[in-house]
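Novice: Here it is: the structure, laid out below.
The values are calculated or read from the model by the stated rules, or taken from the named source; none is laboratory data. This is a predicted model, so every value here is computed, not measured. Using ideal geometry, Cβ is built from the backbone for each residue, glycine included, and neighbour counts are taken over all protein chains shown. Accessible surface areas use protein heavy atoms only, side chains included; no ligands, DNA or RNA. Shrake-Rupley method; radii C 1.70, N 1.55, O 1.52, S 1.80 Å.
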Amino acid sequence: MTDLNTLEADVLAQVAAAGDLQALDAVRVAAVGKTGSISGLLKTLGAMSPEERKTQGAAINALRDKVTEAIAAKKAALEAAELDARLASETLDLSLPAPYRRKGSVHPTMQTMDEIVAVFAEMGFAVAEGPDIEDDFHNFTALNFPEKHPAREMHDTFFFNTKENGERMLLRTHTSPVQVRTMVSQKPPIRIIAPGRTYRVDNDATHTPVFHQVEGLVIDKGIHMGHLKWTLETFLARFFETDAVTTQFRPHHFPFTEPSAEMDVQCDRSGGEIKIGQGTSWLEILGCGMVHPNVLRACGIDPDEYQGFAFGMGVDRLGMLKYGMPDLRDMWSSDVRWLSHYGFSAFAAPNPASGLS
């Protein structure tokens, strides 16, 4: 028993003196490991008499349990101290300002496009799309363009190399081919808008070789200019977020509409900016008209039974007017300063509940 008391005092002293978890584990192995001092005593019980085994076994097991408990308590204390030390050395001062991080934004053209789509969706229009690379039939012939029309020439349109069969593909000059494809593939009534990217050989403050357009098409029985006028005036008032707009229609010529018109909206040009819905000045805003009978026939629709109207407007220009951007070319400059100034939050998508802009 004296030897056990001495061994107990020695092991407990080593447990108390252990300065870290590694030193404590070394004490554990030396005492209660497979070859430890206490484990060695347990192996000698087999050579003892039953009376000795009963007495010595109980004493050795009690020693083992006491040492195991002491090791567990010391381990918990060391782990707590280690955690406290880490918390003291790895603290984060949350009161400091967060580092600057550049934020992305929605491009004004895409925001304007979404606003236009939202307004026409409320009016029952569906969105239709088509390819950017078109053929002559869908871009010109079906739309009643004569063979010698300037738009068919290289100085106005981006053409690809001529194919072996003599056909030349081109980058679409408007989204009107989407109207043609819709009329060919669907039966009236039709009510669509066709937003998308278009291409023309042009470049100045209000024109770029690549720009965005939204065209609209309505085909049904009994359609007339009154429906066109109401649709466009309702759209402009909603888009520019004003109670009403005053418009005027000037006679014009488009190959694909008859009669054709350019639509002006009344505005105020004072103060170096344009305000829609007030003032006494006029601003051309879009082109429109009744769908030409030749276009209906080319798409397999009987013009004696159905009539319709079409219109087209520049998305980028509408964005310039609404948000005061002076030069269309800036939209393609990829200047992050310009984008951060004119860009929109991705969490402020236009919708009927919260409004457009």
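Novice: Tell me yes or no: at least one residue of segment 136-153 is farther than 27 Å from Cys299 by Cα and part of a loop (DSSP other than H, G, I, E, B).
Specialist: As a first pass, look at segment 136-153 and keep what is farther than 27 Å from Cys299 by Cα: none.
Scanning segment 136-153 turns up no residue that is farther than 27 Å from Cys299 by Cα and part of a loop (DSSP other than H, G, I, E, B).
Novice: A further question on this structure: Exactly one condition in (1) in a loop (DSSP other than H, G, I, E, B); (2) in contact with a Pro (Cβ under 7 Å, 6 or more places away or on another chain); (3) farther than 18 Å from Arg317 by Cβ is not met by Ala244; state its number.
Specialist: Of everything listed in (1) in a loop (DSSP other than H, G, I, E, B); (2) in contact with a Pro (Cβ under 7 Å, 6 or more places away or on another chain); (3) farther than 18 Å from Arg317 by Cβ, Ala244 misses just condition (2).
Novice: Then there is this: Just give me the residues in segment 118-134 being of a type outside the set (D, E, K, R) and open to solvent by 40 Å² or more (accessible area, probe 1.4 Å), in sequence order. Reasoning before the result, please.
Specialist: Filtering segment 118-134 down to residues of a type outside the set (D, E, K, R) leaves 118-121, 123-128, 130-131, 133.
Within segment 118-134, Ala121, Gly124, Ala126, Val127, Pro131, Ile133 qualify.
Novice: What is the residue count in segment 144-167 for residues that are over 16 Å from His253 (Cα atoms) and either open to solvent by 70 Å² or more (accessible area, probe 1.4 Å) or in contact with a helix residue (DSSP H, G or I) (Cβ under 7 Å, 6 or more places away or on another chain) (or both)? Lay out the reasoning, then the answer.
Specialist: Keep residues of segment 144-167 that are over 16 Å from His253 (Cα atoms), which gives 147, 152-167.
Narrowing the set further to residues that are either open to solvent by 70 Å² or more (accessible area, probe 1.4 Å) or in contact with a helix residue (DSSP H, G or I) (Cβ under 7 Å, 6 or more places away or on another chain) (or both) leaves 147, 153-158, 160-165, 167.
Residues in segment 144-167 being over 16 Å from His253 (Cα atoms) and either open to solvent by 70 Å² or more (accessible area, probe 1.4 Å) or in contact with a helix residue (DSSP H, G or I) (Cβ under 7 Å, 6 or more places away or on another chain) (or both): 14 in total.
Novice: Can Leu171 be described as among the hydrophobic types (A, V, I, L, M, F, W, C), in contact (Cβ under 8 Å) with a residue 24 or more places away in the chain, in contact with a strand residue (DSSP E or B) (Cβ under 7 Å, 6 or more places away or on another chain) and surrounded by 14 or more Cβ atoms within 10 Å (Cβ to Cβ)?
Specialist: Numbers: among the hydrophobic types (A, V, I, L, M, F, W, C): yes; in contact (Cβ under 8 Å) with a residue 24 or more places away in the chain: yes; in contact with a strand residue (DSSP E or B) (Cβ under 7 Å, 6 or more places away or on another chain): yes; surrounded by 14 or more Cβ atoms within 10 Å (Cβ to Cβ): yes.
When the stated conditions are applied, Leu171 passes them.
Novice: Being out of contact with any Leu (no Cβ under 9 Å at 6 or more places or on another chain) and hydroxyl-bearing (Ser, Thr, Tyr) is the filter here; which residues of segment 1-42 pass it?
Specialist: Listed by number, the residues that qualify are Thr2, Thr6, Thr35, Ser39.
Novice: Of all residues in segment 174-195, which are in contact (Cβ under 8 Å) with a residue 40 or more places away in the chain and assigned to a helix (DSSP H, G or I)?
Specialist: Our first condition is that a residue be in contact (Cβ under 8 Å) with a residue 40 or more places away in the chain; within segment 174-195, this holds for 174-184, 188, 190-195.
Result: Ser176, Pro177, Val178, Gln179, Val180, Arg181, Thr182, Met183, Val184.
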